[in-house]
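Please read the structure below before turning to the comments.
The values are calculated or read from the model by the stated rules, or taken from the named source; none is laboratory data. The structure presented is a predicted model; accordingly, all values stated were derived computationally and were not measured. FYI the Cβ positions are ideal-geometry reconstructions off the backbone, even for glycines, and counts take in every protein chain you see.
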Amino acid sequence: MATDCYSQLGFGFQRKLVVDFAGGTLTADAGLVLVREFDQQRRLSADVVGRITDSRDPRYITHDLAALVRQRLYQIVAG
């Protein structure tokens, strides 16, 4: 698949617009490594899992309840 690159793109106004796609110093984990460490030390997700009854049929389970709860909690924290 080819990528088309254009050096100029018109927006219909006179103000100069400069776009930089270098990314700078961005992080992909959004600090979630610290959240995971906190979760492991305080057993937050494990405590939540301990209070939930998993009534799913084990034959059809791909992800255990702990993984689902951790994923959801981390999504909430990440925004």
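Would you say residue 12 is over 27 Å from residue 74 (Cα atoms), assigned to a loop (DSSP other than H, G, I, E, B), modelled with pLDDT under 90 and of a type outside the set (Val, Ile, Thr)? For residue 12, the condition - over 27 Å from residue 74 (Cα atoms), assigned to a loop (DSSP other than H, G, I, E, B), modelled with pLDDT under 90 and of a type outside the set (Val, Ile, Thr) - is met.
So which residues in region 33-79 are among the basic types (Lys, Arg) and assigned to a loop (DSSP other than H, G, I, E, B), if there are any at all? Within region 33-79, 43, 51, 56 meet the criteria. Do the conditions hold for residue 30, that is, is it part of a loop (DSSP other than H, G, I, E, B), touching a helix residue (DSSP H, G or I) at 6+ places or on another chain (Cβ under 6 Å) and either surrounded by 12 or more Cβ atoms within 10 Å (Cβ to Cβ) or modelled with pLDDT under 95 (or both)? Yes, satisfied. Close Cβ contacts (under 6 Å, 6 or more residues apart or on different chains) running from residues in region 23-49 that are on the phi < 0 side of the Ramachandran plot to residues that are basic (Lys, Arg) comprise 45/70. Collect the residues in region 33-57 that are β-branched (Val, Ile, Thr), out of contact with any helix residue (DSSP H, G or I) (no Cβ under 6 Å at 6 or more places or on another chain) and under 17 Å from residue 76 (Cβ atoms), keeping them in residue-number order. Those that are β-branched (Val, Ile, Thr), out of contact with any helix residue (DSSP H, G or I) (no Cβ under 6 Å at 6 or more places or on another chain) and under 17 Å from residue 76 (Cβ atoms): 33, 52.
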